[in-house]
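Since the structure comes first, as structure tokens, the remarks are kept for the end.
The values are calculated or read from the model by the stated rules, or taken from the named source; none is laboratory data. Treat the numbers as computed from the prediction; the structure is a model and nothing was measured. Neighbour counts run over all protein chains shown; Cβ positions are idealised from the backbone, glycine included. All accessible areas refer to the heavy atoms of the entire protein, side chains included, with ligands and DNA or RNA removed. Shrake-Rupley method; radii C 1.70, N 1.55, O 1.52, S 1.80 Å.
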Amino acid sequence: MYQVLSLYLPAVLMGLGSSMVAPVLPGFAKSFEVSFATAAMVFVAASLGSVAVAFPAGYLMDKIGRRPVLLAGPIIGAAASIMTPFSGSFMELLVWRFISGCALQLWMQSRLAVIADTAHHRQRARQSQWMMGISRGGNLVGPALGGFLPAGLGTSIPFVLHGALMLIAVIPS
């Protein structure tokens with residue numbers, strides 16, 4: 001039960017939330033009157049954030065500990081997601097997406113480090129696989145929710161809900 005609450009529930013919430021914003025991002029980006037190719041940069045910015053933080057995340061975990069990084073990821077990500085719909089320019093939108101990518105990578109790297117540190121050596125691969133699989137399950141369901149929610153509630157709802165899910169993921173962590 002401990003694994004379900006501390007490992008798998010946050011994984012599904014993070015996967016669900018991060019993929020929930022995918023359907024509204026291109027339309028939101030286009031609202032800044034940029035080309036379709038330029039609007040696609042919202043996805044590139046998040047990926048760049050993930051890449052930019054991949055190596056420093058390990059250093060941070062060794063310097064300040066796993067737990068602070070594990071908690072910082074979703075908190076920073078929630079703030080970035082909640083701020084995204086308030087972007088005043090396309091460049092600001094890209095900055096929030098970059099920060100979201102950084103935050104997701106912080107969480108993922110620290111979660112894997114916690115598994116490596118705490119799981120029995122015969123359970124590490126299984127726990128990592130389940131965490132990744134459940135996260136992907138959230139990624140699968142998220143776009144459907146993110147596509148239906150804005151119809152009645154507005155395009156900012158997936159971002160706010162994403163931020164809320166990230167904060168909820170912190171609780172069992």
ask   = Can you name the condition, by its number, that residue 122 falls short on among (1) of a type in the set (Lys, Arg); (2) assigned to a helix (DSSP H, G or I); (3) surrounded by fewer than 19 Cβ atoms within 10 Å (Cβ to Cβ)?
value = (2)
ask   = Does residue 142 fit the bill of being of a type outside the set (D, E, K, R), touching a helix residue (DSSP H, G or I) at 6+ places or on another chain (Cβ under 7 Å), under 26 Å from residue 112 (Cβ atoms) and part of a helix (DSSP H, G or I)?
value = yes
ask   = Would you pick out the residues in segment 52-99 that are among the hydrophobic types (A, V, I, L, M, F, W, C), more than 13 Å from the chain's Cα centre (by Cα) and farther than 27 Å from residue 156 by Cβ?
value = 54, 55, 57, 60, 61, 64, 69
task = Could you please let me know if residue 147 is open to solvent by 30 Å² or more (accessible area, probe 1.4 Å) and either under 26 Å from residue 29 (Cα atoms) or basic (Lys, Arg) (or both)?
result = yes
request  = Among residues belonging to segment 163-173 that are part of a helix (DSSP H, G or I) and touching a Ser or Thr at 6+ places or on another chain (Cβ under 7 Å), point out the one that is farthest from residue 118 (Cα to Cα).
outcome  = 163
query = Can you pull out the residues in segment 145-162 that are in a helix (DSSP H, G or I) and modelled with pLDDT of 85 or more?
reply = 157, 158, 159, 160, 161, 162
inquiry  = Just to be sure I understand the filter: pairs with C-beta atoms under 6 Å, separated by 6 or more residues or on different chains, first member in segment 70-98 and under 14 Å from residue 30 (Cα atoms), second member open to solvent by less than 70 Å² (accessible area, probe 1.4 Å) and outside any helix (DSSP H, G or I). Which pairs pass?
reply    = 85/156; 90/32; 90/34; 93/87
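Hey, could you check segment 115-144 for residues that are over 20 Å from the mean Cα position of the chain (by Cα) and hydrophobic (A, V, I, L, M, F, W, C) and say which is modelled with the lowest pLDDT?
In this case the residue turns out to be 119.
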ask   = If you scan segment 19-51, which residues turn out to be in contact with a Gly (Cβ under 8 Å, 6 or more places away or on another chain), hydrophobic (A, V, I, L, M, F, W, C) and within 26 Å of residue 154 (Cβ to Cβ)?
value = 20, 21, 22, 24, 45, 46
query = Which condition does residue 66 not pass, out of (1) in contact with a helix residue (DSSP H, G or I) (Cβ under 9 Å, 6 or more places away or on another chain); (2) touching a residue at least 12 places away in the same chain (Cβ under 8 Å); (3) under 27 Å from residue 44 (Cβ atoms), if it passes all the others?
reply = (3)
